[in-house]
Amino acid sequence: MQGFALSSGIAVERAQGSVIEDVDGNRYVDLIGGIGVNSLGHCHPAYTKAMHEQLEKATVGSFTSAPRAELINEVAKVAPKGVDKVQLYSSGAEAVESAFRLAMNHTGHQEVVGFWGGFHGKTGGVLGLLGSDFKHHLGPFLPGQHLTPFADCYRCPLRLTYPDCGIACADYVRDVIRYQTAGEIAAIIVEPIQGTAGNIVPPAGFLRAIASIAKEHDALLFCDEMITGFGRTGLMWGAEHDGVIPDIMTVGKGMGGGFPIAAVISTETLTQKKPWSNPSASSSSYGGNPLASAAGLAALEIILKEDLVTNAERVGRVMLAQLVAMKEKHRAIGEVRGKGLLLGVELVKDRMSKEPLDKEVTRALYQECLRRGLIAMTYSPSIRINPPLIIREDQALAGLAILDEALTVVLRQYGLDR
Ligand SMILES: Cc1ncc(COP(=O)(O)O)c(C=O)c1O
């Protein structure tokens, strides 16, 4: 089980919209949203109807089907201009690994540059690009994978301050390529907003700078939009915030509204090149199976019909304003940030040192939130808030009110309210 699920002690009985009910009848506002998976809310009626209908028709197999063809067409319509060829998979890591093969296939290069704080899955081909200590004792990693500091301005890895820094961390990528690599970079992989690291929003211009550096080295810009894609950040794609069109994108999570589906999205030129484009060369057992396709199609139709991208932007803005107000009240809040419904809160012992709050305190905060009817990723000093994209403003604010109350109680308990 995921850590938050295990330590919650919750066994889910049913869930609807933005509310989860456990087997004991307790109800919780869901501000985790399956860590970015839950785009539609729980058991969206149009989604369950589409899945029921598909279950009656065809459930297994790698043949093409109407939902598969429609899904590929509909994703292509909302994809960035020219980056509209879609290959389906069943998990994020699987899609990311295939995208690396695609990049190598096109460039003839073998190396990849990623970022500190980055997360792209837990399979062997991506572990080396995990930018955290999670990968300790899991090595050795694939050769040719290199990491460079991300634009985490709250805790700048280069100890500089934005905007005076001139986004020096982007420049630093050039040095990493010059001094650490064989100079054969197939792709630079980047999350437009880093999810696992704490919903960290880089400053404007960062992604554009990375795109230029990729070009300078005949490498591809690979945006991993697993969390940021399909509207979560208030625009359809996270890279749009910086006006960037990547060469390759990987998507998943919210794409399936809960069903495991992921995809590589790229250009005609890249995806038609052999051997990646050969039959069976980049397929998988479950990629694009009828149920997954029906789920992806229903999810995208609902996202568009209910304009959930705008809802994410609007409710996200209200939530961010509320978090800013909470920062005024609780000195343990060092920073709040986010775009759309991808929000982050840094809990610190001291605003000057920015030392993270002890895990003991945040674990207590998590339990206090649960007792009061809120599930959010408050067990870590980098709180991540990723509600379903359908969440209403009143529900979102009710969830934050619980967080506010729980913070008041727990910070007082640990003498951190003064
Ligand atoms: C940005 C990003 N890429 C890839 C993945 C891996 O996805 P999966 O868990 O479906 O393999 C994740 C998962 O959290 C992610 O956040």
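Per residue, region 103-215 exposes 45 Å² of accessible surface when a 1.4 Å probe is rolled over the protein heavy atoms with every protein chain present.
Mean projected area of the Cα convex hull of region 203-252, taken over all directions, amounts to 3.2 nm². Applying 1/(1 + (r/R0)^6) with R0 = 56 Å to the Cβ-Cβ distance of ALA182 and ASN73 gives a FRET efficiency near 0.90.
Counting only DSSP H runs of at least 4 residues, each contributing -39500 (n - 2.57), and dividing by the residue count of the chain, the helix-based mean residue ellipticity at 222 nm comes to -11500 deg cm²/dmol. Accessible surface calculations at 1.4 Å, restricted to protein heavy atoms, place region 346-418 at 43 Å² per residue. Equivalent ellipsoid of region 114-168: semi-axes from √(5λ) of the C-alpha gyration tensor, largest first, are 26, 10, 8 Å. Mean separation of Cα pairs under 8 Å and 6 or more residues apart, divided by the residue count, gives region 139-250 a relative contact order of 24 percent. Value of Rg to Rh for region 199-305, rounded to two decimals, is 1.00; Kirkwood radius and Rg both from alpha-carbon coordinates. From the alpha carbon centroid of region 161-239 to that of region 80-158 is 11 Å. In summary, region 215-367 shows an alpha-carbon radius of gyration equal to 1.33 times the 2.2 N^0.38 Å reference for compact globular proteins. Each Lys and Arg Cβ is given +1 and each Asp and Glu Cβ -1; about its Cα centre, region 282-350 then shows a dipole of about 260 debye. Computed on the Cα trace of region 6-105, the radius of gyration divided by the Kirkwood hydrodynamic radius gives Rg/Rh = 1.05. As a calculated quantity, the FRET efficiency between GLU53 and ARG14 at R0 = 25 Å, using C-beta atoms, amounts to about 0.70. When the alpha carbon gyration tensor of region 89-246 is reduced to an equivalent ellipsoid, its three semi-axes come out at 21, 18, 16 angstrom, largest first. The share of C-alpha pairs in the chain whose separation exceeds 27 Å stands at 51 percent. The base-10 log of I(q)/I(0) for region 292-418, evaluated at q = 0.21 Å⁻¹, reads -1.15 [Debye formula, identical scatterers on Cα atoms, solvent excluded]. Taking R0 as 30 Å, what's the FRET efficiency between THR408 and CYS156 from their Cβ-Cβ distance, rounded to 0.05? Computed FRET efficiency for THR408 and CYS156: 0.45. A simple packing score, the average count of other Cβ atoms within 10 Å per residue, orders the peptides 27-35, 253-261 as 253-261, 27-35, with the highest score first. For the chain, relative contact order (Cα pairs under 8 Å, six or more residues apart, normalised by length) works out to 23 percent. When the charge dipole of the chain is built from unit charges on Cβ atoms (+1 for Lys and Arg, -1 for Asp and Glu) and taken about the Cα centre, the candidate among THR228, GLN322, SER18 whose Cα reaches farthest toward its positive end is GLN322. Counting only Cα atoms, the size of region 82-141 along its three principal axes is 38, 26, 17 Å, in decreasing order. Note on ALA321 and LYS81: their simple-model spin labels are 3.3 nm apart, each label 7 Å out from Cα toward Cβ.
Region 270-313 gives an Rg/Rh value of 1.20, both radii derived from C-alpha positions and Rh following Kirkwood. Relative contact order of region 1-147: 12 percent, from C-alpha pairs under 8 Å at least 6 residues apart in sequence. Its Cα centre serving as origin, region 155-302 has a Cβ charge dipole (Lys and Arg +1, Asp and Glu -1) of approximately 220 debye. Taking only the Cα atoms of region 163-261, the radius of gyration and Dmax are 14.1, 44 Å.
The values are calculated or read from the model by the stated rules, or taken from the named source; none is laboratory data. Just so you know, these numbers come straight off a predicted model, no measurement behind them. Cβ coordinates were reconstructed from backbone atoms using ideal geometry, including for glycine residues, and neighbour counts include every protein chain displayed. Please note that ligands, DNA and RNA were not included when accessible areas were found on the heavy atoms of the full protein model with its side chains. Shrake-Rupley method; radii C 1.70, N 1.55, O 1.52, S 1.80 Å.
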